[in-house]
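Working notes, structure below.
The values are calculated or read from the model by the stated rules, or taken from the named source; none is laboratory data. Values in this document were obtained by computation on a predicted structure and should not be read as measured data. Cβ sites come from the backbone with ideal geometry, for glycine too, and all protein chains shown count toward neighbours. Ligands, DNA and RNA are excluded from the accessible area calculation, which covers all protein heavy atoms including side chains. Shrake-Rupley method; radii C 1.70, N 1.55, O 1.52, S 1.80 Å.
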Amino acid sequence: MPAQGKHRRSQSTSLRRGLAAVTVGGAVLALPMIGATSAFAAPAPTAAPQQAVAPASVSAQVNSAVQAAPAQHSVAAGETLSKIAREYSVSGGWEKLYEGNRKIVGDNPDLIHPGIKLTLGTKAAKASPSAARGAEADRADRSERVNAAPVAKAAPAAEKAVTYTNDLDGWIKESLAVMAEQGIPGTYEGIHRNIMRESSGNPAAINNWDSNAVKGTPSKGLLQVIDPTFQAYHVPGTSTDSYDPVANITAACNYAADRYGSIDNVFGAY
C-alpha cells in the first residue's frame with residue numbers, strides 16, 4: 001500500500017506543473033493541464049495603483065480651479081486697486097485694472113467703494129494647491145471680518161445739487177460759487193454794495209449818456225460793464241450775454257480783481 005500512496009503523490013505533482021509537452025510530427029506543443037488555471041491563477045489587481053494616482057488627479061483639479069480667475073471681484077472694505085491687481089496677478093497691474101473699470105470707479109483710482117464689482121481682464125498665474133488654499137483662507141477670513149463689522153461702510157452719498165433763487169441774493173451767491181472755483185476774490189458785501197451804486201439791482205440797466213455810450217459801448221447790467229471789458233474778463237462756464245446777472249457779476253469781479261485786487265476795494269466808478 002505504501003507504493004500506491006507514492007504513486008498518487010507523484011500524479012498530483014504532475015498536475016501542478018501547469019503545462020504538458022506533446023510531440024506531433026516532431027513539433028512540440030505546450031498545452032495547459034487541467035486544473036492549472038485554478039492552481040496558478042494570476043492574483044487580482046490591487047487598488048494600490050488607483051490610490052497612487054488619486055492625489056495627482058485632485059492636484060490637477062485644484063490647480064485648474066485656481067488658474068481660472070473669477071470674472072469679477074467684489075470690493076471689500078480697505079482694499080485698493082493695487083492690492084486686488086496683485087492678488088489676481090492682473091497683467092498691466094492696477095493701471096490696467098483701473099482702465100477696464102474706470103466707469104464704475106470714477107476719476108479717482110485711489111477711491112474705490114466697498115461692494116462695487118470690478119471686472120478682471122486677466123487670468124491669475126497657476127498656483128500650487130497649498131497656495132490656493134492659503135488664498136482661499138485669506139479671502140474667507142477677510143469676508144468674515146467685513147461681515148462681522150457692526151456697521152458696514154456705506155458709499156458716500158452724492159452731493160445735493162445747490163439751487164439759487166432767481167433774485168439779487170441768488171445771483172450774488174451763485175457768482176461767489178463760480179468765483180471760488182476760479183480763484184477770483186470778493187465778498188457778498190463788496191459785490192452788493194457796488195451793484196446798488198451802479199444799477200440799484202436792475203440786471204437790464206444800461207447807461208446811454210456817459211463817455212462810453214458816446215463811443216458806442218454803453219455800460220450794461222448789474223455792475224455796468226461795457227462789452228469790451230465783459231468779453232476780456234468773461235469767466236468760462238457763465239453766459240456770454242453781458243446782461244445775464246451771474247455772468248455780469250463774475251466778469252466785473254474778475255476785472256476788479258485784475259485792476260484793484262478785489263471788488264471789495266472798489267468804492268466808486270471803476
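With the biggest extent put first, the Cα atoms of the range 149-270 measure 74, 26, 23 Å across the principal axes. Across the range 205-270, the convex hull enclosing all Cα atoms gives 83 Å³ per residue. With 0.36 nm allotted per residue and the present C-alpha distance subtracted, the S239-K173 stretch has 22.2 nm of extension available.
For a quick check of your reading of the filter: which trypsin sites (Lys or Arg not before Pro) in the range 191-222 sit in a DSSP loop and have no more than 14 other Cβ atoms within 10 Å?
Numbers: sites: R193, R197, K215, K220; in loops: K215.
Answer by residue number: K215.
With all protein chains kept in place, the per residue accessible area of the range 166-270 amounts to 49 square angstrom at a probe of 1.4 angstrom. Less than 5 angstrom separates the built amide H of V225 from those of K220, all sequence-distant by 5 or more or on a different chain.
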